[in-house]
Every structure is written in C-alpha cells, then in structure tokens.
1. Considering only residues that are closer than 20 Å to residue 67 by Cβ and either at pLDDT below 85 or surrounded by 17 or more Cβ atoms within 10 Å (Cβ to Cβ) (or both), which ones fall in region 111-143?
2. So, in region 132-165, how many residues would count as being free of Cβ contacts under 8 Å to residues at least 24 places away in the same chain and either within 20 Å of residue 93 (Cβ to Cβ) or assigned to a strand (DSSP E or B) (or both)?
3. Looking at 174, 215, 107, can you tell me which residue is out of contact with any strand residue (DSSP E or B) (no Cβ under 6 Å at 6 or more places or on another chain), modelled with pLDDT of 85 or more and either crowded, with 19+ Cβ neighbours inside 10 Å or closer than 27 Å to residue 69 by Cβ (or both)?
4. Based on this model, can you work out whether residue 206 counts as at positive phi and surrounded by fewer than 17 Cβ atoms within 10 Å (Cβ to Cβ)?
5. Suppose the filter is without any contact (Cβ under 8 Å) to a residue 12 or more places away in the chain and either in a strand (DSSP E or B) or farther than 30 Å from residue 93 by Cβ (or both); does residue 266 pass it?
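The values are calculated or read from the model by the stated rules, or taken from the named source; none is laboratory data. Worth saying up front: this structure is predicted, and the values here are computed from it rather than measured. With ideal geometry, Cβ positions are generated from the backbone for all residues, glycine too; neighbour counts draw on all protein chains shown.
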C-alpha cells in the first residue's frame, strides 16, 4: 500500500507534489513546475554583452508572440504518470490522463503585466470519460498552472543568470545553446505545506538548465532543466503523518521539453508549439519516491472566441 504525496513549489511551475505511501513514496514534477531563473552575466564576455542581450531580446519577443498566438489554439494533452524504483525502472501501475489544453495570457490585478497560464479540462482517466466529480490526484497536472517559458519574458529575466555557450546541435539540427540558472543570493530552507495527501515544498537551491535555439531565428527548439543541488526537506512535526517519514532528500527533478512547428490553414500560419515533455522525480527518505511523467501534445487546432478567430 502506498502512502503520502509530495510536490515542489516554484513560481514558474506548479509546486512539487510528492505522494508518500506507507512503505514507499511516489512523486512527480510537471512542465509547469519550472523554478524561477535569472539574467546572466557569466559567459557574456566571451560573446560580448550586446550579442547576449540581442539573443535574450529575440527570445523574449518570440515567447511573447507565442503567448499571443496560443490563446486561439487548443490541443489534446495525454499524460502518463508512472511510479519508478531506485533503478529508474517502472514499478506498479501508472496513471493515464487526457486533457483539452490551452494557454491563457491575461493582465493581472490592477493592470499588471500579463502572466501566462496553462488551462486544462480533464477528459479521460485511464481510458474512461472523466466524471463531473473527478478530482486530480496529487501527481496529476493542475487544472491551472504556470506556463514554463514565462521566465524568458523581460519582466522575469532579472531572476535568472544566462550564459551563451555557442554552437551545438539538437539531434541533426544545428543549434545555439543558452544556459541558465536561478539567481539566489542566499538559499534558505524549503517551505513545506501539507494538505490532504499532498506535501508541497519549495526548491531553495534553485534550478539550472540549457535551451537549444534555432541559430537563425532564435526560436526555442528544446530545453532541459534540473536541480542545481540536491537538498533535504523536513516536514513540520504538526504536519507529519503516521507511518510516513518526516524528512527526505530531493535528488532529482529533471524536465525536458521539445517543440515543433505546427501549420494552420485559413489563414495560413506556422506556430512553434510543445511536442512533448519528459519529467523525472527521485526522492529518498524513509522510503523512495520516484515518478516518470510523459506529456504528449497532439491535435492542435484553432478555436473561436468572442465570435471570431483570434490570430
């Protein structure tokens, strides 16, 4: 029998949730779980500050344009959450979900800068139609969660450090590689919240990763992210559950997102959209928590809002 859920929090992603069971634990990181990132100074000198700023400006413009276009696009998201063991092999039964998904990009309170969010409508659970009363499990994607590319918008760049690493490849395609990491002056302790069967925790050490860009257009082709450093989490005494460990070590929170060009007709338009996300969570404590989560995005189509097609 399995026991309690954990999850990690960060501004750019939904909080990390872990599902802890009596003798084992199960956890996962969603693509919207990306922790905050920062504007980079390291590595700028090699290419020159102006080139670095140009790349970041182009990438930010592409992300902003993507959000504007994505508001008129809906797709099918198929999610598989599979528990794994210490060897990263599958263990037990997984969970399969199907959603209708879209991006929402609306100004915040008081006319503040828009914040992009992913909005999901659950359609199927393990092959059957979702019922009105069905609630997401701890490891399932949230109905509303942050969009992962938001850290590249100008409003968030100062929270990250970027380094332009030069030419590389993404499979057979040439690429320009851009590294990033969270800007954290003084790491604190993880913030922990326990609600029902979910334990939510922040990532005090932050994250690091790499973005593969088209060298000509600076379109994002792929990016990967992981922890800067493993860390330990202690569950508050008054929140600890009977039979579940009150502390654990977070060893891996990995995520890889790939994008592809999607062609629309009438009017003709090509948009770079997510193709897949692969995530891996590994936590060690009084038991082991491990999940491999796969998200696939298909059947992209435009939808009509306010009586017209938004372009």
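1. Pass one, region 111-143, residues closer than 20 Å to residue 67 by Cβ: 111-121, 141-143.
If the condition is that a residue be closer than 20 Å to residue 67 by Cβ and either at pLDDT below 85 or surrounded by 17 or more Cβ atoms within 10 Å (Cβ to Cβ) (or both), then 111, 112, 113, 114, 115, 116, 117, 118, 120, 141, 142 are the ones that fit.
2. Of all residues in region 132-165, those free of Cβ contacts under 8 Å to residues at least 24 places away in the same chain come to 132-136.
Filter once more, so that each one left must be either within 20 Å of residue 93 (Cβ to Cβ) or assigned to a strand (DSSP E or B) (or both): 134-136.
The total comes to 3.
3. Values: 215 fails: out of contact with any strand residue (DSSP E or B) (no Cβ under 6 Å at 6 or more places or on another chain); 107 fails: modelled with pLDDT of 85 or more.
Exactly one residue qualifies, and that residue is 174.
4. Details: at positive phi: yes; surrounded by fewer than 17 Cβ atoms within 10 Å (Cβ to Cβ): no.
For residue 206, the condition - at positive phi and surrounded by fewer than 17 Cβ atoms within 10 Å (Cβ to Cβ) - is not met.
5. On the way: without any contact (Cβ under 8 Å) to a residue 12 or more places away in the chain: yes; either in a strand (DSSP E or B) or farther than 30 Å from residue 93 by Cβ (or both): yes.
Taking the combined requirement at face value, the residue satisfies it.
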